[in-house]
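As structure tokens, the structure follows; a few thoughts come after it.
The values are calculated or read from the model by the stated rules, or taken from the named source; none is laboratory data. What you see is a predicted model; the values in this text were computed from it and never measured. All Cβ positions, glycine included, derive from the backbone under ideal geometry; neighbour counts span all protein chains shown. Surface accessibility is based on the protein's heavy atoms, side chains included, excluding ligands, DNA and RNA. Shrake-Rupley method; radii C 1.70, N 1.55, O 1.52, S 1.80 Å.
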Amino acid sequence: QVQLVESGGGLVQPGGSLRLSCAASGSIFSIHAMGWYRQAPGKERELVARITSGGSTNYADSVKGRFTISRDNAKNTVYLQMNSLKPEDTAVYYCDAVVLHTPHSDGYHHWGQGTQITVSS
């Protein structure tokens, strides 16, 4: 069993900043990739940012230059620094981790419970 615990969501004014954290624990041998997805009302879940164990990153075009993903491999924790927030960033943000449970297992996706971010004046 793997648990992902997210923190850092909330209400922020346009132009403001927030930092999300997600800590993974449980039956983990290693984590290949960690990322953040978001889902706004009436829309599909979309990738926001992703980072591999080696530090390679990719971002949605809509957040490039504003959001930064980082990772502490020793703590199995991923962060998302969000600057210059816009109302269209309002969504539930979900943490994702691709976890290897044993040295020879495939990677399995595990999800956090989601944290609401609302950007509004």
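Could you give the length gained on full extension between Glu44 and Ala60, defined as 0.36 nm per residue of separation minus the Cα-Cα distance, in nm?
On the way: separation 16, 0.36 × 16 = 5.76 nm, distance 1.40 nm.
Fully extending the segment from Glu44 to Ala60 adds 4.4 nm.
When ligands, DNA and RNA are left out and all protein chains stay put, how many square angstrom of accessible area per residue does the chain have with a 1.4 Å probe?
Normalised by residue count, the accessible surface of the chain is 52 Å².
Over the chain, with every protein chain in place, what whole percent of the accessible area is carbon and sulfur at 1.4 Å, could you tell me?
Its accessible area is 48 percent carbon and sulfur atoms.
Work out Dmax and Rg for region 9-121 from the C-alpha atoms and quote the Rg first, both in angstrom.
That works out to 14.2, 50 Å for Rg and Dmax.
Going 7 Å from the Cα of Tyr108 in the Cα-to-Cβ direction, what parts of region 19-52 have a backbone nitrogen less than 16 Å from that spot?
Answer for this model: 24-33.
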